[in-house]
1. Less than 20 Å apart at the alpha-carbon level, and either on another chain or at least 8 residues along: which aspartates and glutamates does that give for K22?
2. Expressed as an acute angle from 0 to 90° and rounded to the nearest 10, what is the orientation of the C-alpha long axis of helix 153-170 relative to the principal long axis of the chain?
3. Hey, can you rank 142-151, 41-50, 278-287 by average C-beta count inside 10 Å, highest first?
4. Please give the residues of the stretch 282-306, grouped as numeric ranges, whose backbone N is less than 13 Å from a label point set 7 Å along the Cα-to-Cβ vector of E406.
5. Hey, which lysines would be in cross-link range of K282, C-alpha to C-alpha under 19 Å, not counting anything within fewer than 8 residues on its own chain?
6. With the chain treated as a Gaussian network of Cα nodes joined by springs under 10 Å, which of T342, T269, T72 yields the largest mean-square fluctuation?
7. Along the Cα-to-Cβ line of D328, 7 Å from the Cα, sits a label point; which residues in the stretch 362-402 have backbone N less than 19 Å from it?
8. Once phi is turned into θ = phi - 60°, what whole-Hz ³J(HN,Hα) does the Karplus curve with 6.51, -1.76 and 1.60 give for every residue of the stretch 300-309, x standing for Gly and Pro?
Amino acid sequence: MEHATMGPRRAGFWGRLSLWKKILIGMALGMVAGTVLGPDAELLKPIGTLFVNAIKMLIVPLVFCSLVVGVTSMQDTRKLGRIGLKSLVLYLGTTAVAISIGLGMGTLFSPGEGVNMAAADSAVAAQEAPTLVATLLNMIPTNPVSALAEGNILQIIVFALGLGIALNLCGEKAKPAVQVFDSLAEGMYKLTELVMKLAPYGVFGLMAWVAGTYGLDILLPLIQVVAVVYLGCVIHVVVFYSGLISGLGRLNPLRYLKGLINPAAVAYTTSSSAGTLPASIKAAREEMGVSEGVSSFVLPLGATINMDGTALYQGVCALFIAQAFGVDLAFSDYLLIIATSTLASIGTAGVPGAGLIMLSLVMTTVGLPMEGLAIIAGIDRVLDMARTTVNVCGDLMVATLVARSENELDESVYQRARAHAAVQPSAA
Ligand code: ASP
């Protein structure tokens, strides 16, 4: 009987709030609860563990399916093989630079120094670092099924890339398999969205536990993490991307930066590169003069596989967690973080919060404690906004450079806008 009247009124104050606001509220309430309860806040930790476990549940199928789809989505674009290769090299190369900047910033500013969370968690022991050769050899799974079962991400990535390429080579015959992966990937994106709905509660439980166990002193380093990630993002776009635009593309970088404004605003507020795609395609064509063919191939590819901001964030956060928990990272760990983040960025979906899941993957690879994820989860949205913006700026940078090198860039559009941009300040 009540059904008819309940529907429209159901969404109360909480229901109408967007997810990131709920997460911030969960975080704030968690801190209050933890401060009030003190060590008893441990009782609330299982709520957080539930969330962390749900995230872990997603990793293997999400990475596997979306990576296969990432590779097979290039099948329809055989004509654009060269463009695809150039984009791929630029996407992966710039991602490796991004993670290096993140690691550099994390080392320079040491946001986790002095946090000292190791003592409370005996499970957190410094990991025996595998040698680089062993790591490289180990990347090839002798049994992909056990790689999947054990959650060996590097092996899963290698197998997924191989399978994707093989499916492409099969052509028509592999269509049904490609469709299966396509729809499984969609399902995994949806499941990710559902799991993220648990985030406010999980974050509440985790923050309560963190604040109750370690006190509010943990807050200051978190502010530092945000500042370091934001600074790294600005450097990556303004210095590195602009440098590539002028160095490789021989184009005025100011024009590129101006063209970014709209898509960057959409990316910052939605935290989704996939959701920003319409805005970035429009900007590429109308502001930067990138041809339709290049923009409609390079940008969707970038929204799926290019995650420089995410990689940079992973570098800073991995170091923060290692510092906070007193885990010593060897040089080979740094290389492993660079390799995993770069490859994992291919499998990161362009949706809010995907980077956090990938962070857990990077952490697992170098043996960092999952509790660290809890701390980052509380501030993840603020970080997501910045890293998504960088992800989108990177897509547009690559689209512009590839178009330029293929004679697919309408320079009159680029120049006209530059002239327009140059007139505006003097007129103001
Ligand atoms: N939200 C990011 C994006 O859509 C992915 C991430 O969470 O890092 O680009």
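1. E193, D380, D384
2. Roughly 30 degrees, rounded to the nearest 10.
3. The packing order, highest mean first, is 278-287, 41-50, 142-151.
4. Of the residues in the stretch 282-306, 290-302 have backbone N under 13 Å from the label point off E406.
5. K258
6. Of T342, T269, T72, the most mobile in the Gaussian network model is T269.
7. 366-369
8. My calculation for the stretch 300-309 gives x, 4, x, 5, 8, 10, 9, 9, 5, x Hz in order.
Readers should treat all values here as calculations from the given coordinates under stated rules, not as data from a laboratory. Fair warning: this is a prediction, and the values are worked out from it, not measured in the lab. All Cβ positions, even for glycine, are placed from backbone atoms using ideal geometry, and neighbour counts span all protein chains on display.
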